[in-house]
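The values are calculated or read from the model by the stated rules, or taken from the named source; none is laboratory data. Only a predicted model underlies this, so the values are computations on that prediction, with no experimental measurement involved. Glycine gets a Cβ as well: all are built from the backbone with ideal geometry, and neighbour counts include every protein chain shown. These area figures cover heavy atoms from the full protein model, side chains too; ligands, DNA and RNA do not enter into them. Shrake-Rupley method; radii C 1.70, N 1.55, O 1.52, S 1.80 Å.
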Amino acid sequence: MVPAQKIPATLIPGDGIGPEVTEATLAVLDAVGAPFQWETHLAGVAGVKACGDPLPPATLDSIRKTRLALKGPLATPVGGGFRSSNVRLREEFRLYANLRPARTLIPGGRYEKIDLVLVRENLEGLYVGFEHYIPIGDDPRAVALASGVNTRAGGRRIAEFAFDYAAKNGRKKVTVVHKANVLKALTGLFLEAAKETARKYEGRVECDERIIDACAMQLVLNPWQFDLIVTTNLFGDILSDEIAGLVGGLGMAPGANIGPKAAIFEAVHGSAPDIADKGVANPLALLLAACLMLDHVGKSAMADKIRRAVDRTLRDDNVRTRDLGGKATTRDFTGAVIKRLSG
């Protein structure tokens, strides 16, 4: 049998529990025969400690070369320190689309049979970080101002990504989420661009719209009415975490950041320094992100095999880490998934 052609990819283990969940993910990928050839590099706090830079040039050069990366959680100081490495990576590689699928993995929770996808615009809105202070009297930070920027081109681009994803993946409806009743220019333009795009998919993908606050409420009351949601940067940041809560939390939430020249796949939870090096971290988010990465490179059969093994491990074998109500260590859970892969 001819061995599979290797696919170069950048690996960023991350901070806190990052190295532990990365090790677990690599073990599962090896067990399924994933063809990635890894270049390992640092970022975040680990990058600062090793190189004095949260995004060392070598890390950026590697992603430019491979155009593909798997990234563990990166720590970001609150209210000061260095700027978020996650945001910088999105900007550096123009990763305009953030893909966040969520589905029920463990039955018996508050919500059953959740299967939602959120598509978040990644480069515009209030996340552009156009902020400054205005001094008044002896207070240099008396007034804080922030500006958001949405473009018609950016709105069309993310809407096309969302509708194209829906059409290719059997999603029946796209819901455009906005606040155009108040932010008439900023999110009104986003809504207008999305509606323009929706017309190209008439007869294939249904389209409706929601105001952000109504959507947040309806996700709690009746999440099954939604299929795929597309929204702006800030609203997507909030709703994606809410949707993760419907299926048990960020420990099971994978993410993909996709642009024209690169794609970075990540665990979207934090670095959890309080449990680092204790062997109890849940590797599911990064493992499922690796499945999205396999989908991206045309290896969906491998990705689906891992997803099935994860489902059997959680539901049939009842092997779960402590954040999911179990007692399994990171290594126990990883071993159980690998056993299912080989069974």
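Look through the range 115-133, keep the residues that are touching a Lys or Arg at 6+ places or on another chain (Cβ under 6 Å) and buried (at least 19 other Cβ atoms within 10 Å of the Cβ), and return whichever of them is modelled with the lowest pLDDT. Restricting to residues being touching a Lys or Arg at 6+ places or on another chain (Cβ under 6 Å) and buried (at least 19 other Cβ atoms within 10 Å of the Cβ), the top hit is Asn122.
What residue, of Thr59, Thr40, is closer than 18 Å to Thr10 by Cα, at pLDDT 95 or above and crowded, with 19+ Cβ neighbours inside 10 Å?
Among Thr59, Thr40, only Thr59 is closer than 18 Å to Thr10 by Cα, at pLDDT 95 or above and crowded, with 19+ Cβ neighbours inside 10 Å.
Summed over the range 270-303, residues that are open to solvent by 50 Å² or more (accessible area, probe 1.4 Å) and in contact (Cβ under 8 Å) with a residue 12 or more places away in the chain total 4. Scanning the range 154-176 for residues that are of a type in the set (Val, Ile, Thr) and over 18 Å from the mean Cα position of the chain (by Cα), which turns out farthest from Thr231 (Cα to Cα)? Among those that are of a type in the set (Val, Ile, Thr) and over 18 Å from the mean Cα position of the chain (by Cα), it is Val174. In the range 243-260, the residues that are under 13 Å from Leu286 (Cα atoms) and in contact (Cβ under 8 Å) with a residue 60 or more places away in the chain reach residues that are acidic (Asp, Glu) and crowded, with 20+ Cβ neighbours inside 10 Å with C-beta atoms within less than 6 angstrom, at least six apart or across chains, in these pairs: Gly255/Glu266. Of all the listed residues (Gly248, Gly326), the sole one being assigned to a loop (DSSP other than H, G, I, E, B), closer than 27 Å to Arg210 by Cβ and more than 14 Å from the chain's Cα centre (by Cα) is Gly248. Pairs linking a residue in the range 316-342 that is crowded, with 16+ Cβ neighbours inside 10 Å to a residue that is of a type outside the set (A, V, I, L, M) and part of a strand (DSSP E or B), with Cβ atoms under 8 Å and 6 or more positions apart or on different chains, are Ala328/Thr321; Thr329/Thr321; Thr330/Thr321; Phe333/Thr321. Taken over the range 129-143, the residue count meeting the criterion of being of a type in the set (Gly, Ala, Ser) and under 29 Å from Ser85 (Cβ atoms) is 1. Set side by side, the residues Arg204, Arg210 differ, and just one is basic (Lys, Arg) and either surrounded by 19 or more Cβ atoms within 10 Å (Cβ to Cβ) or assigned to a strand (DSSP E or B) (or both), which is Arg210. Taking (1) closer than 17 Å to Leu99 by Cβ; (2) of a type in the set (Val, Ile, Thr); (3) open to solvent by less than 10 Å² (accessible area, probe 1.4 Å) in turn, Val310 satisfies each apart from (1).
Scanning the range 274-321 for residues that are in a loop (DSSP other than H, G, I, E, B) and either within 16 Å of Gly33 (Cα to Cα) or among the aliphatic types (A, V, I, L, M) (or both) returns Ala276, Val280, Ala281, Val297, Gly298, Lys299, Val319. Put simply, of Pro107, Pro101, Pro8, Pro19 the only residue that is open to solvent by 60 Å² or more (accessible area, probe 1.4 Å) and assigned to a strand (DSSP E or B) is Pro8. Hey, does the range 217-232 have a residue that's under 19 Å from the mean Cα position of the chain (by Cα) and part of a helix (DSSP H, G or I)? Looking for residues that are under 19 Å from the mean Cα position of the chain (by Cα) and part of a helix (DSSP H, G or I), one finds at least one in the range 217-232, hence yes.
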